[in-house]
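We did not get these values from a lab; they are worked out from the coordinates using the rules stated. Being a predicted model, the structure only gives us computed values, none of them experimental. Cβ sites come from the backbone with ideal geometry, for glycine too, and all protein chains shown count toward neighbours.
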């Protein structure tokens, strides 16, 4: 959608983004077939199918936010806000909008994945923390030995992207609880020299953190759904989902 509005050709999914999308689409398809073949009295399959379609949409929106932020960043040339023309200030504002939308979506999407995993593998994370995050689910997952391979893989992915994700987490927390994320560096600079011009934040570094975090999300989704699809094929002869077993 955003690519069309920006005059760019539609996205062609590739790499880990395509892998994540395809594994989720496969799971959603299996769930629909299961509902068509058997009654779903407790609506568990329907719920998982809706959650999965929601994750597909969320990933699409996150990727679009990153793309739009990168698109508008190209028009920001000046290193200081005071040196920008009104047109460039507008481009910078659009970059900031989509960049912030992107890093908020990263954690929203991960928490949605955590909810799916918690339900799928009966982790009971809510007993540990009422309003839990994806990272709380990962800690709880370590206790579930039958699915330790998936828990280990998700933890490896998290560790591989720990720095960029932590950078985004700090900016997300500043944005939600403290001040606009793009202004935190402005405050620090004011402490250094009250009348100095304010240099822009490192746009390229911030975009790279968002890009790396998008890759982390894609890898996590691909790992979780590929594993779940494999477990579903192994257990599909069973009469229904059992405690600790993966549904599709």
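Segment 98-112 to segment 62-89: how many Å between their Cα centroids? The two parts, judged by their Cα centres, are 19 Å apart.
Using a basic spin-label model with each label point 7 Å from the Cα along Cα→Cβ, how many nm lie between residue 160 and residue 205? With each label placed 7 Å out from Cα toward Cβ, I get 2.5 nm. Taking the chain as a Gaussian network, Cα atoms linked when under 10 Å apart, which of 39, 91, 19 shows the biggest mean-square fluctuation? Looking only at 39, 91, 19, the biggest GNM fluctuation is shown by 39.
Just checking the listed ones, 199, 169, 94: in the Gaussian network model of the chain with Cα springs under 10 Å, the one fluctuating most is 199. Could you give the angle, 0 to 90 degrees to the nearest 10, between helix 162-177's Cα long axis and the longest principal axis of the Cα atoms of the chain? Once rounded, the angle reads 70 degrees. Taking the fewest neighbouring Cβ atoms within 10 Å as the starting point, the ordered list for 26, 236, 170 is 236, 170, 26.
Computed over the chain, the percent of Cα pairs more than 24 Å apart is 53. Counting 0.36 nm for each residue step from residue 101 to residue 173 and taking away their Cα separation leaves a gain of 24.6 nm.
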